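Have a look at the structure below, then the notes.
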Amino acid sequence: MAEFVHLKNSFDIHPTLEKKLKIVELSQKIYQKINISSLEISAIASEMDCEEERADQIASYVKGKEDHIETKLTVSAIVAGAIGAISAGILLANTASGNTPEVVGIGTGLIEATLGILILTNKRKITHYHPGNALKDIWTAPETSSIFPVSIW
């Protein structure tokens, strides 16, 4: 750029065909470097977008699995509570059942509590591998990046 500016100023004072040709040549080199840098920036931006989309897809998949299991556990807790209530009611109606209704009530209560705890602890984890982890280069700031082109780094 410095050479281009110097040559341009020199051409304005003493125009020659040789200077004009050199200015055109330097202009082409400058535009070529700008275009290459623009392509590199676009390529890195596209790669970052793909990584973001990949992470979002994995997060959605894991969340879907968690929701599916949570729904099954919730339905199971409701069914256990209903069965326990109905069984205890039937046993209470039968006067010869002794303390069986209380045992049924406590047992189904424990089942419901266990299912409730399973619902609360239903958190999935997954390790997400990045073949080229751009954030690592940003965080560690090495002298040269293994991910980013030199023009961007």
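Laboratory data are not the source of any read-out in this text; all were calculated from the coordinates shown. Being a predicted model, the structure only gives us computed values, none of them experimental. Cβ coordinates were reconstructed from backbone atoms using ideal geometry, including for glycine residues, and neighbour counts include every protein chain displayed.
What 222 nm value per residue comes from the helices of the chain, counting each DSSP H run with n ≥ 4 as -39,500 (n - 2.57) and dividing by all residues, nearest 500 deg cm²/dmol?
Details: 4 runs with 117 residues, N = 153.
Calculated at 222 nm, the ellipticity per residue is -27500 deg cm²/dmol.
Of all chymotrypsin sites (Phe, Trp or Tyr not before Pro) in segment 28-131, which ones are in loop regions per DSSP and have a Cβ with at most 13 other Cβ atoms within 10 Å? Numbers along the way, then the final one.
Working: sites: Tyr31, Tyr61, Tyr129; in loops: Tyr129.
Those satisfying the criteria are Tyr129.
Please state, to two decimals, what the Cα-based radius of gyration of the chain comes to when divided by 2.2 N^0.38 Å (N = residues). So the chain has a normalised radius of gyration of 2.38. Look at the dipole of the chain built from charges on Cβ: of Phe11, Ile34, Pro149, the Cα furthest out on the positive end belongs to Phe11.
Determine the dipole magnitude for the chain: charges of +1 sit on the beta-carbon of Lys and Arg, -1 on that of Asp and Glu, nothing else is charged, the reference point is the Cα centre, and the result goes in debye to the nearest 20. Let's see the in-between values first.
Numbers: 14 positive and 18 negative charges, 42 e Å.
Dipole of the chain, to the nearest 20 debye: 200 debye.
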